[in-house]
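J.: Below: one structure in structure tokens.
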Amino acid sequence: MNVPTPTEPVVTESASACRRLTDFEDSTGLFIVNDGVMGGRSNGSFEVTDSVLSFTGDVVTAGGGFTSVRFLLAAGEMSGSSSVALRVRADERVYGLWLEDDAQANGRSVVHRAELDTTGEVEDGWQVVTLAYADLTPSVFGRSVDAPPFNPDTAHEFGISIADGTDGEFALDIDWIDVCDE
């Protein structure tokens, strides 16, 4: 039997190394983009309390139907990662995660996005949601485009959005966000 010595790391197939992207110690760099930029009337806002980001508001589908909370990333902050993990407390709405890198399509910035699956196991109201970059779809203004896959080495913006086609209030809490190499 081959037993590793104390200096050899033990790695299993399911092991992944994660590092904290943010734990919302403060709200520096966070900003909201509502559909008002397109004539809509949705209204999102955020608050950071006890290192938890609360993203709340009201979605109005007439004229737009989205709102998002975003933050800019430092150069190389997501380098070497292949997925993200978020600890969230969600209502029953559908949220999206999107990442922006240096990709362009037709002279516009490409956003790589996917829905966050918040239907998993919940512990004390919280759950950890993981999303592999391979599951992201490139788009421009919500329309799929032919573009290279998301490149974490050139990532410069991270966002959480709601655009589920449903009018009404929403509430999503995020405790932390990690980037992982699987």
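J.: Going by average Cβ neighbours within 10 Å, how do the peptides 77-86, 114-123, 37-46 rank, with the highest at the top?
T.: In descending order of packing, they fall as 77-86, 37-46, 114-123.
J.: Hey, what do the phi angles of segment 158-163 turn into as Karplus ³J(HN,Hα) couplings, whole Hz, using 6.51/-1.76/1.60 and θ = phi - 60°, x for Gly and Pro?
T.: Along segment 158-163, the couplings run 10, x, 10, 10, 10, 7 Hz.
J.: Same structure, new question: For the chain, with a Gaussian network of springs between Cα atoms less than 10 Å apart, report the residue from Arg89, Arg143, Arg113 with the top mean-square fluctuation.
T.: Comparing Arg89, Arg143, Arg113 in a Gaussian network model of the chain, the most mobile one is Arg143.
J.: Output ³J(HN,Hα) for segment 48-63: one whole-Hz value per residue in order, computed from phi by the Karplus curve 6.51 cos²θ - 1.76 cosθ + 1.60 with θ = phi - 60°, and x for Gly and Pro.
T.: Karplus-based 3J(HN,Hα) across segment 48-63 equals 10, 9, 6, 6, 10, 8, 10, 9, 9, x, 9, 9, 10, 6, 5, x Hz.
J.: Quick one: which residues, 5+ away or cross-chain, put their amide H under 5 Å from the amide H of Phe66? H built at 1.01 Å from N.
T.: Asp35, Ser42, Val60
J.: With the dipole of the chain worked out from charges on the C-beta (+1 for Lys and Arg, -1 for Asp and Glu) around the Cα centre, which of Leu172, Ser83, Gly40 lies farthest toward the positive end?
T.: Gly40
J.: Right, something else. When the dipole is taken about the Cα centre of the chain, and only Lys, Arg (+1) and Asp, Glu (-1) are charged at their Cβ, what size is it in debye, to the nearest 20?
T.: Details: 10 positive and 32 negative charges, 124 e Å.
In total the dipole reaches around 600 debye.
J.: Here is a follow-up. Could you bin all the Cα-Cα distances of the chain into 10 Å bins starting at 0 and give me the percent of pairs in each, rounded to whole numbers?
T.: Binned Cα distances yield the sequence 9, 34, 36, 14, 4, 2, 0.
J.: Counting only protein heavy atoms, what percent of the accessible surface of the chain is carbon or sulfur at a 1.4 Å probe?
T.: For the chain, the apolar C and S fraction of the accessible surface comes to 47 percent.
The values are calculated or read from the model by the stated rules, or taken from the named source; none is laboratory data. What you are looking at is a predicted structure, and each value in this text was computed from that prediction instead of being measured. Cβ coordinates were reconstructed from backbone atoms using ideal geometry, including for glycine residues, and neighbour counts include every protein chain displayed. What goes into the accessible areas is simple: the full protein's heavy atoms, side chains included, and nothing from ligands, DNA or RNA. Shrake-Rupley method; radii C 1.70, N 1.55, O 1.52, S 1.80 Å.
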